[in-house]
């Protein structure tokens, strides 16, 4: 198999796709060990996502990378199914396209002073949210018109046009600069935008993949308490809930966004959290954080949390179908994982139906809006039993075939749109 080829994508609407599941599959420990994917501290969702990345690596014909269990330097190295080898990492196989790989390498060379980037994790760890950030947002940075079409759908009251995108950014990382938080808190992404009122503003984005909002938290500083009272974003700026392990990162990032406004880095700001719908820990944390906020006002730095499915649907509706299908296939579709647990023949490498995503509704910062499904409607497909299924297992869908989408396809279509 050509190692630069992404396997053919599975359906957006199979019997077990993530838009119909209400939780990640529960995976037996023996199966995780069989695939070199057992990590004792993994949540249910993280274990399923790890196995998903392992299966993608296998589909590409790649050997697993090595890691040290527990992260200790003295432990013997062992294969981990969700890791790439250094050689495959150097080829950029953790990224959607060669262009994204090249952009990432260049941006690391030019990154802000003090930016905290784990380079090994970015290039080798398929489960990390760091490559997800690049795979989702570098195509937008390369084509700001696409970024505008995506975010004017998602946040129409805040984004009229996107004019720039930065990665791993903060107004200050100087621990002596007490205008801010006195730490190294930073946002994953910052989009410089023009609002519908013609005002320049910044949309800060925090991306979550398998994180569980379980720490370790930042060391608490007195400056956090002072900034919380100054910002006046919360019903009770001294609430213990804001300082809890589950909420403290959102609290710090929201404060940092507001402080960027107060000290002249941007005239307005909004914090957006993106996360997979089946990551229940982040979904719960963002909903709880939203309950701590004062009622939204135009002059107040806002907060929204949307599913990654909603973002992918907006990307698809904006005309970036290859990128949308890549993100869905790699990060959101757990069908192949469920097939493996049920003992069925995994169909991912053989079928690729082409189904259109519905245009997402405009985003809202209310807790109810945070978990809105990305797909308002989905075509149905006929179902019949596939060969090789385990006895007594549920039947799997039969779907039409279509041409695969490869990394080269993504690159070619990006170049065409930029010409």
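Some values worked out for this structure:
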| item | result |
| --- | --- |
| Neighbour-count order for 235, 121, fewest beta carbons within 10 angstrom listed first | 235, 121 |
| Three semi-axes of the equivalent ellipsoid, region 154-195, Cα gyration tensor, whole Å, largest first | 26, 10, 8 |
| Ranked list, fewest to most other Cβ atoms within 10 Å of each Cβ, for 109, 307 | 109, 307 |
| Region 208-341: C-alpha pair distances exceeding 27 Å, % | 31 percent |
| Label-point gap, in nm, between residue 31 and residue 109 - each point 7 angstrom along Cα→Cβ | 4.5 nm |
| Region 266-328: relative contact order as a whole-number percent, Cα under 8 Å and 6+ apart | 39 percent |
| Least to most buried among 126, 207 (fewest other Cβ within 10 Å first) | 207, 126 |
| C-alpha center-to-center spacing [region 19-46, region 141-198] in angstrom | 34 Å |
| Gyration tensor (alpha-carbon) shape descriptor, region 198-260, a/c threshold 1.5 | oblate |
| Linear extension gain, residue 294 paired with residue 263, 0.36 nm per residue minus alpha-carbon span | 9.0 nm |
| Overall form of region 61-193 per C-alpha gyration tensor (a/c, 1.5; a/b vs b/c) | oblate |
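Read the figures in this text as sums done on the coordinates, not as results from a lab. Everything quoted here is computed from the prediction, not taken from an experiment. No Cβ is skipped: glycine too gets one built from the backbone with ideal geometry, and neighbour counts run over all protein chains shown.
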